[in-house]
Amino acid sequence: MAIIECKEFYAPCALCGQPVEIKGFTLTTPETRQHFCCAGCLSIYQLLNKHYITPHNPPTTTK
């Protein structure tokens, strides 16, 4: 059995569960800060969870 060494740990995307390898797709909700792997997952999460999105909790995307 081979052991694979992982140098970095990526948190899972809040929507699809894929590793979040790109920084900048985040959303702060009343409970926590959510991280997403791409703009598509961030957008879908916003559509499905409109009650969390308020003018005081805008999504943050940076490049």
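The values are calculated or read from the model by the stated rules, or taken from the named source; none is laboratory data. Please read all numbers here as calculations on a predicted model, not as lab measurements. As a convention, Cβ positions derive from the backbone with ideal geometry for all residues, glycine included, and neighbour counts pool all protein chains shown.
From ILE44, ILE53, grab the single residue that is surrounded by 13 or more Cβ atoms within 10 Å (Cβ to Cβ) and modelled with pLDDT under 65.
ILE53
Take LYS23 and tell me if it is surrounded by fewer than 12 Cβ atoms within 10 Å (Cβ to Cβ) and modelled with pLDDT of 60 or more.
yes
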